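Notes for the one structure printed next.
The values are calculated or read from the model by the stated rules, or taken from the named source; none is laboratory data. Every value quoted in this text rests on a predicted model; they were computed, and no experiment measured them. Here Cβ is always computed from backbone atoms with ideal geometry, including for glycine, and neighbour counts include all displayed protein chains.
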């Protein structure tokens, strides 16, 4: 006996894990909890990696290169200022670090840097 699969609606897909019909917008299957590969990213999110910005903000000040995360997201002018002022004596770098962690840091076009990596 062969089983026939039910037809899918316009916004439906099969869960890769349990085979149930789920929404094509769902980040996880509501039946088994398996990830579907759909990411909940705002449409205006920056293509820059949040992880890269975080690592540049944390690691490079230890070798006297402050502001590398700002160069990375295209903010060249403020990157130069942060480099010259040693990250505003650390205060500016600390503020940027907090903004990156909470997802409020923005690139040159004003788009939030929220995607951890691709």
>> Is it the case, given these coordinates, that residue 78 is surrounded by fewer than 18 Cβ atoms within 10 Å (Cβ to Cβ) and either in contact (Cβ under 8 Å) with a residue 40 or more places away in the chain or in a helix (DSSP H, G or I) (or both)?
In response: yes
> Can you tell me which residues in the range 84-93 are out of contact with any helix residue (DSSP H, G or I) (no Cβ under 8 Å at 6 or more places or on another chain) and at pLDDT 85 or above?
Replying inline: 84, 91
> Condition test on residue 46, is it modelled with pLDDT under 85, assigned to a loop (DSSP other than H, G, I, E, B) and surrounded by 13 or more Cβ atoms within 10 Å (Cβ to Cβ)?
Replying inline: no
> Has the range 100-108 got at least one residue that is part of a helix (DSSP H, G or I), in the same structural domain as residue 46 (by TED's automatic domain parsing) and more than 15 Å from residue 60 (Cβ to Cβ)?
Replying inline: yes
>> Within the range 49-64, take every residue that is surrounded by 15 or more Cβ atoms within 10 Å (Cβ to Cβ) and at pLDDT below 85 and give me the one that is nearest to the chain's Cα centre (by Cα).
In response: 60
> Is there a residue in the range 8-22 that is surrounded by 13 or more Cβ atoms within 10 Å (Cβ to Cβ), under 23 Å from the mean Cα position of the chain (by Cα) and not in a loop (DSSP other than H, G, I, E, B)?
Replying inline: no
>> Cβ-Cβ distance below 9 Å, separation of 6 or more or different chains: which pairs start in the range 85-99 with a residue that is on the phi > 0 side of the Ramachandran plot and end on one that is surrounded by 17 or more Cβ atoms within 10 Å (Cβ to Cβ) and modelled with pLDDT under 85?
In response: 86/61; 86/66; 87/61; 87/66; 87/67; 88/66; 90/61; 90/66
